[in-house]
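J.: Handing you this structure, nothing more for now.
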Amino acid sequence: MVQLKHTWWIFQILLLFVSVFFFLFGLDLLISSYQLPDPFSFIMTFFAASFVLLISTALVITFLIKMIRVYRRIRNHS
């Protein structure tokens, strides 16, 4: 049972890091979209970067809330 708990924490931290990576990728994409000369390319890249940022931010918040809830529950039962 202890192995399962450690595996869950490792998996959650890994997912958190992946979400943070995509958040940083979205920021880089958003910044680079302002350097595009074509207005159509700018609009498409801007909205794509915004979509990546929205999803990755929601995932980061979700994983953090889930980890905080489990940590509080473990701390209260111990």
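J.: Once the Cα atoms of helix 39-77 and of the chain are each reduced to a long axis, what angle between those two axes, in degrees from 0 to 90 to the nearest 10, is obtained?
T.: On a 0 to 90 degree scale, this one is about 10.
J.: How much of the accessible area of the chain, probe 1.4 Å, is carbon plus sulfur, in whole percent?
T.: Looking at the chain in its full context, I get 76 percent from C and S.
J.: Okay, next question. Remind me, relative contact order of the chain in percent, using alpha carbon pairs under 8 angstrom and six or more residues apart?
T.: Computed over the chain, the figure is 37 percent.
J.: Nearest 10 degrees is fine. How inclined is helix 2-33 to the longest principal axis of the chain, computing both from alpha carbons?
T.: Approximately 10 degrees, to the nearest 10.
J.: Additional query: Who wins for biggest fluctuation among 22, 47, 63 in a Gaussian network model of the chain, springs between alpha carbons below 10 Å?
T.: Its mean-square fluctuation being the largest, the pick is 47.
J.: Label-point separation (nm) for residue 11 and residue 38, each offset 7 Å from Cα along Cα-to-Cβ?
T.: Each label point lies 7 Å from its Cα, and together they span 4.3 nm.
J.: Students often get this wrong, so try it: which of (1) 5.5; (2) 4.5; (3) 10.6 is mean projected area of the Cα convex hull in nm² as calculated from the structure shown?
T.: Label (1) holds the value from this structure.
J.: For residue 61 paired with residue 18, estimate the spin-label separation in nm (one decimal), with each label point 7 Å from Cα along the Cα-to-Cβ line.
T.: 2.1
J.: Same structure, new question: Just the accessible area per residue of the chain, please: how many Å² with a 1.4 Å probe?
T.: Heavy-atom accessible area per residue stands at 81 Å².
The values are calculated or read from the model by the stated rules, or taken from the named source; none is laboratory data. Keep in mind the model is a prediction, meaning the values are calculated, not measured. Ideal geometry is used to build each Cβ from the backbone, glycine not excepted, and the neighbour counts take in all protein chains shown. Heavy atoms of the whole protein, side chains included, go into the accessibility calculation; ligands, DNA and RNA do not. Shrake-Rupley method; radii C 1.70, N 1.55, O 1.52, S 1.80 Å.
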